[in-house]
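Chemist: Structure provided below as structure tokens; questions to follow.
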Amino acid sequence: MAGRINDDDVKAVRDAVPIDAVVSEYLQLRNAGGGNLKGLCPFHDEKSPSFHVSPAKGLYHCFGCQEGGDTVDFIMKIDHLSFAETIERLASQAGITLRYEEGGYTPGRQQGERTRLVEAHKIAAQFYAEQLDGAEAEIARAFLAERGFDQSAAQHFGLGYSPAGWDHLTRFLRGRGFSDQELVLSGLSQEGRRGPIDRFRGRLMWPIRDIAGEVVGFGARKLREDDNGPKYLNTPETPLYRKSHVLYGIDLAKKEIAKTSRAVVVEGYTDVMACHLSGITTAIATCGTSFGEGHIKILRRLLMDHSGSEVVFTFDGDAAGQKAALRAFEDDQKFAAETSIAITPGGMDPCDLRLAKGDAAVADLVESRTPLFEFALRHVASRHNLDTTVGRAAALDEAAPIVARIKNSSIQHESAVQLAGMLGILDTQFVVRRVSQLARWARERGRDAGPDQSRPQQRHGQAAPPEQARPAGPRGPALNLRSPARRVERELLKLALQRPDLVSPAFDAYGADEFTAPPYAVVRQCIEDAGGATAGAADPSYVPRVREAAPDDTVRAMVTELAVEPLLTRRDPDEAYAGVQLATVRIAAVDARIADLEGAARRSEAQGDHAGSAAMLQELWVLQQYGKTLRERGAAAL
């Protein structure tokens, strides 16, 4: 049984790796104010960013799908890792050596499955890279040289060579402590007649990395005529590698994609290399499959998916390239980004173009792009006889829905006018009206269709209200934790978690019963159980301790949400702002107690309990005076 990772080492790992550095490996983050960052949630599809990260607290929370937690929770969720695997990965990044209890430090046996497979791929990539310098790999070096790639290019992309023997890599990895089962599971080896043999033999090797930069698979190019395998052989589907969820070059391109809000999608490994070496460092490619849903999700997170971003597809001008372009256009509506196409001249791919005409020609290719919808329109027009009335009408029937799909209304109108001219229809307004009608019908269908469309849409940047846990049995009206009546309670708890220095020590004198929403009362109790806000003001592990004090995951998620959610003030909060929240919550609690006492005193008087009634009236008078003072002096009266 694997040993348990030492608790002190776990804490060291949590403290050593900033959450914003980890999250920004997977999506683009922008300033959200108050020291927080925001981006498109990687756990659900959304148009406006509701995923918030608090570097100061080490927490993230999505106000759309309610996912939240710390750095470890994020990695576990996004990469489907166990707790131990996550700690091992983060420890490796931070250079921390982990200690394992119940048997000491034996990492070869105690690392999680995914961590072991990642390590095997890392060692394999190094092995292949070293082989590229050997005599046998001359054929691979010649292949690269013929395509304009020198040794420095091979090193930059981590290229390698797999020896032609049956089990060179398999024996090497066995010597590094990997089992046959791990080697077959990883896809680096495959079952032979007498045991595992190398999957890749005598080929040029491209390491395929995920968005975090870890090698998860390989692409292998045939070099010899006696190789009866396919021209390109990729890693099979494994626990690490799913071809529909990886993009070659994404590890090198992600920062520039986020910075420029542009991604260039090419068709092959050498095309990615050619683009990057020509200065187009946003180029990426799919790995043995067509561009699809999983790839779109990766790019949307990096592009922040706003209307100013762009995805450029490059395709050959032949029939297959046109078919691929039209297939890409079918996914256009899954982007908020504009989609464009760059057709390579003379059927050359970017690698051929760079070799024939130089780096500048590759850059010019991308700059000469045209909108993908315009390409689709020209394709439709080419399939009809526009010299006849019937042909023009048929072309309009097919092309008008394409224009109606254009997201930008101004571009949609101009394109309708352009379509009329392209088809030779003199009544331009007829085409414009036709497109507008189709667009309106599509919007109406969208509002009426599907569970996701039935909910009110969020405004840009507005957080969606969290879904509350539903108790069994009959329910009354839903508890709205964001109602005006509870908004101040929420704000005070946010201050107590985010800026405990501003509400201490007054906050610690508040009872849980002063918070009228039961979930807020539980959070208040968690803060007390964690030592209180006063102690938390000087304790960097304060919020994690509050989360640990939560009785269940629902409350823990609420703590995370409150610790990350921006405060309502547009300015930096100060003592005056905090004082207003403190006083308002206390006034509401006093008013509630006054109402209770008034009712209880009347009942006592009606029952003839004059002494009890008198005592209540005395307490009532004291509370009324206190409430008056609070209203006049605010937090100074606390």
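The values are calculated or read from the model by the stated rules, or taken from the named source; none is laboratory data. Here the structure is a predicted model, which is why all the values come from computation and not from measurement. We place every Cβ from the backbone using ideal geometry, glycine too, and count neighbours over all the protein chains shown.
Chemist: Restricting to the stretch 140-179, give me the number of residues that are part of a helix (DSSP H, G or I), farther than 20 Å from Gly268 by Cα and not basic (Lys, Arg). Steps first, please.
Modeler: Here is the first cut: in the stretch 140-179, the residues part of a helix (DSSP H, G or I) are 140-146, 151-156, 168-175.
From the residues that got through so far, the ones that are farther than 20 Å from Gly268 by Cα too are 168-175.
Imposing the further condition that a residue be not basic (Lys, Arg) reduces the set to 168-170, 172-173, 175.
The qualifying residues number 6.
Chemist: Here is a follow-up. Can you pull out the strands (runs of 3 or more DSSP E) entirely within the stretch 180-271 that have at least 1 residues that are in contact with a helix residue (DSSP H, G or I) (Cβ under 8 Å, 6 or more places away or on another chain) and not assigned by TED's automatic domain parsing to the domain that holds Pro163?
Modeler: Answer list for the stretch 180-271: 262-266.
Chemist: Right, here's the next one. May I ask you to list pairs of residues, at least six apart or on different chains, whose Cβ atoms are under 6 Å apart, with the first in the stretch 140-155 being in contact (Cβ under 8 Å) with a residue 24 or more places away in the chain and the second being among the hydroxyl-bearing types (Ser, Thr, Tyr)?
Modeler: Pairs that qualify, where the first residue is in contact (Cβ under 8 Å) with a residue 24 or more places away in the chain and the partner is among the hydroxyl-bearing types (Ser, Thr, Tyr), are Ala140/Tyr161; Arg147/Thr270.
Chemist: Go over the candidates Gln418, Gln462 one by one and state the one that is modelled with pLDDT under 85 and either among the aromatic types (Phe, Trp, Tyr) or surrounded by fewer than 17 Cβ atoms within 10 Å (Cβ to Cβ) (or both). Lay out the reasoning, then the answer.
Modeler: Values: Gln418 fails: modelled with pLDDT under 85.
The match here is Gln462.
Chemist: Here is a list of conditions, (1) crowded, with 18+ Cβ neighbours inside 10 Å; (2) out of contact with any helix residue (DSSP H, G or I) (no Cβ under 6 Å at 6 or more places or on another chain); (3) within 26 Å of Arg242 (Cβ to Cβ), and Lys122 meets all of them except one; can you say which number that is?
Modeler: The failed condition is (1).
Chemist: Could you list all residues from the stretch 517-550 that are surrounded by fewer than 16 Cβ atoms within 10 Å (Cβ to Cβ) and over 27 Å from Ala588 (Cα atoms)?
Modeler: Listed by number, the residues that qualify are Ala538, Asp539, Pro540, Ser541, Glu548.
Chemist: Which residues, counting only those in the stretch 49-90, are at pLDDT 85 or above, over 16 Å from Arg556 (Cα atoms) and in a loop (DSSP other than H, G, I, E, B)?
Modeler: Scanning the stretch 49-90 gives Pro49, Ser50, Pro55, Ala56, Gly64.
Chemist: Assuming Gly103 fulfils every condition listed in (1) over 35 Å from the mean Cα position of the chain (by Cα); (2) modelled with pLDDT of 95 or more apart from one, which condition is it?
Modeler: Evaluating Gly103 over (1) over 35 Å from the mean Cα position of the chain (by Cα); (2) modelled with pLDDT of 95 or more leaves (2) as the failure.
Chemist: Looking at Glu619, Glu561, Glu548, Glu575 in this structure, which one is among the charged types (D, E, K, R) and touching a His at 6+ places or on another chain (Cβ under 9 Å)?
Modeler: On the way: Glu619 fails: touching a His at 6+ places or on another chain (Cβ under 9 Å); Glu548 fails: touching a His at 6+ places or on another chain (Cβ under 9 Å); Glu575 fails: touching a His at 6+ places or on another chain (Cβ under 9 Å).
One residue alone meets the criteria, Glu561.
Chemist: Sticking with this structure for a sec: Got a sec? Which of Leu623, Leu617, Leu630 is more than 20 Å from Tyr510 (Cβ to Cβ), over 45 Å from the mean Cα position of the chain (by Cα) and either at pLDDT 85 or above or not in a helix (DSSP H, G or I) (or both)?
Modeler: Numbers: Leu623 fails: more than 20 Å from Tyr510 (Cβ to Cβ); Leu630 fails: more than 20 Å from Tyr510 (Cβ to Cβ).
Exactly one residue qualifies, and that residue is Leu617.
Chemist: Pairs under 6 Å by beta carbon, first residue under 19 Å from Arg147 (Cβ atoms) in the stretch 356-382, partner of a type in the set (S, T, N, Q), six or more apart or different chains?
Modeler: Taking only residues 6 or more apart or on different chains, the pairs are Asp359/Ser278; Val362/Ser278; Ala363/Ser278.
Chemist: So which residues in the stretch 212-236 are out of contact with any Phe, Trp or Tyr (no Cβ under 9 Å at 6 or more places or on another chain) and either touching a residue at least 12 places away in the same chain (Cβ under 8 Å) or among the small types (Gly, Ala, Ser) (or both)?
Modeler: Passing the criteria: Gly213, Glu214, Val215, Arg224, Asp227, Gly229, Pro236.
Chemist: Name the residue that is surrounded by the fewest Cβ atoms within 10 Å (Cβ to Cβ), counting only residues in the stretch 154-203 that are in contact with a Ser or Thr (Cβ under 8 Å, 6 or more places away or on another chain) and under 30 Å from Thr282 (Cα atoms).
Modeler: Restricting to residues being in contact with a Ser or Thr (Cβ under 8 Å, 6 or more places away or on another chain) and under 30 Å from Thr282 (Cα atoms), the top hit is Gly187.
Chemist: Can I ask one more? Residues in the stretch 237-248 that are crowded, with 20+ Cβ neighbours inside 10 Å and touching a residue at least 60 places away in the same chain (Cβ under 8 Å): how many?
Modeler: 1
Chemist: Within the stretch 16-46, which residues are more than 14 Å from Phe74 (Cβ to Cβ) and touching a Pro at 6+ places or on another chain (Cβ under 8 Å)?
Modeler: Once the filter is applied, which keeps residues that are more than 14 Å from Phe74 (Cβ to Cβ) and touching a Pro at 6+ places or on another chain (Cβ under 8 Å), the stretch 16-46 yields Arg30, Ala32, Gly33, Gly34, Gly35, Asn36, Lys38, Leu40.
Chemist: I've got another one for you. Out of (1) in a helix (DSSP H, G or I); (2) surrounded by fewer than 18 Cβ atoms within 10 Å (Cβ to Cβ), what's the single condition that is false for Val403?
Modeler: Going through the list (1) in a helix (DSSP H, G or I); (2) surrounded by fewer than 18 Cβ atoms within 10 Å (Cβ to Cβ), Val403 breaks only (2).
Chemist: Is the stretch 29-38 home to any residue that is under 12 Å from the mean Cα position of the chain (by Cα) and within 23 Å of Lys254 (Cβ to Cβ)?
Modeler: Checked against the condition, which is being under 12 Å from the mean Cα position of the chain (by Cα) and within 23 Å of Lys254 (Cβ to Cβ), the stretch 29-38 yields at least one hit.
Chemist: Given the criterion part of a loop (DSSP other than H, G, I, E, B) and modelled with pLDDT under 90, identify the matching residue among Leu377, Leu426.
Modeler: Leu426
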